[in-house]
Amino acid sequence: MSATIDNRVYDELEALEAILIEDFAVKHEDGVPRIIETVVHPSTGDQIDQQYVCLTLEVKLSPDYPDTIPEVFLRNPRGLDDKLLNNINSRIKNKLDRHIGNPIVFELIEIVREYLTACNLPRGQCAICLHGFVKGDVFVKTPCYHHFHSHCFHKHLVNSRKYYEEEMEKLPNWQRAQAPEYQQTCPVCRNVVSFDEKVLEQAPPPVESLDAPPFRLTPEMKALQRSMSEVLERQIARGGVVGMGDDGPPLLTITTSADKEKASTSGTQGAKAEANRAVPSTSAENPEKAQPYSGPYRGFNRRGKPGRGRRGRGAPR
């Protein structure tokens, strides 16, 4: 049996559905509306492509709403930092405390929209270059609402395409034919995206990168590199590094030719030690392992059916 719901709740839901249309959802429990959820964007008129931030507002209605305060959550923020979210939460709390007894969901939506409109610029850092977004930067917003400097994003797409082509060259022809085509992806969530690389290529570098001091290795960083190099050498010697012997760029911990030569020597020794452990001994070294198998398990023939298996020359028939 469903609980009795105040008629003001249904009136509010009807009004919200008429205003928000598609960006509005209601979750029911035992036939009773309990959670109102909507994605809020900044007000930009018809210029939807200029909406750089968004978040999902979730309002959990209490059984006695609107005579009691509902729970409010800010979910899945995009392009927003913690400071702005704290300001929004504080403003919402003050609004709820002053308007107990009245339907309040639409006013909460307007509070969030007001903040997003005033701060319609991505906060935080570009996940590629780690520089922030400032006035004068040219950036892109993916459909998944992740933001990157256009200059940085172009480099990401170029490098990802190059990596894809290099990996394809390593495959035999039959696997290349079955491999999926290259697709641009978001470097944060790997969702498929589509951008014109020629347009991105024209974008200037991030503003902060132009004034940033040149990179220099500090004594602290050098000490950390030495420490990490020692850890790497121990792992190589124990055979705990995947991909030993791969042809590729040197490890990031190698900064000088002496370090490179030292790591190469250690890597060779570690690879030999790993190979000695992995390769079975010959019959002269270990006669037991050289004996042909004559146990109860049988192999499979070319048709995938159980077969008698192969016998060694000295195996009993």
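The values are calculated or read from the model by the stated rules, or taken from the named source; none is laboratory data. Keep in mind that what you see is a predicted model, and the values were worked out from it rather than measured. Neighbour counts run over all protein chains shown; Cβ positions are idealised from the backbone, glycine included. Protein only, heavy atoms only, side chains kept; ligands, DNA and RNA dropped before computing areas. Shrake-Rupley method; radii C 1.70, N 1.55, O 1.52, S 1.80 Å.
Some values worked out for this structure:
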read-out	value
Failed criterion for residue 95 (all others in (1) open to solvent by less than 70 Å² (accessible area, probe 1.4 Å); (2) of a type in the set (Lys, Arg); (3) in contact with a strand residue (DSSP E or B) (Cβ under 9 Å, 6 or more places away or on another chain) hold)	(3)
Enumeration of residues in region 66-90 that are closer than 16 Å to residue 132 by Cα and part of a loop (DSSP other than H, G, I, E, B)	79, 80, 81
Close pairs from region 121-137: first closer than 13 Å to residue 150 by Cα, partner in a loop (DSSP other than H, G, I, E, B) and not aliphatic (A, V, I, L, M), Cβ under 6 Å, at least 6 apart	129/206; 131/206; 133/122; 137/206
Residue that is nearest to residue 59 (Cα to Cα) [pool: residues in region 35-44 that are open to solvent by 40 Å² or more (accessible area, probe 1.4 Å) and not β-branched (Val, Ile, Thr)]	37
Subset of region 108-118 (residues that are under 16 Å from residue 20 (Cα atoms) and buried (at least 21 other Cβ atoms within 10 Å of the Cβ))	108, 112
Count - residues of region 9-34 that are touching a residue at least 60 places away in the same chain (Cβ under 8 Å) and open to solvent by 70 Å² or more (accessible area, probe 1.4 Å)	2
Region 220-243, subset outside any helix (DSSP H, G or I) and open to solvent by less than 90 Å² (accessible area, probe 1.4 Å), residue farthest from residue 155 (Cα to Cα)	239
Residue ranges of helices (runs of 4 or more DSSP H) in region 119-219 with at least 3 members touching a helix residue (DSSP H, G or I) at 6+ places or on another chain (Cβ under 8 Å) and surrounded by 13 or more Cβ atoms within 10 Å (Cβ to Cβ)	150-169
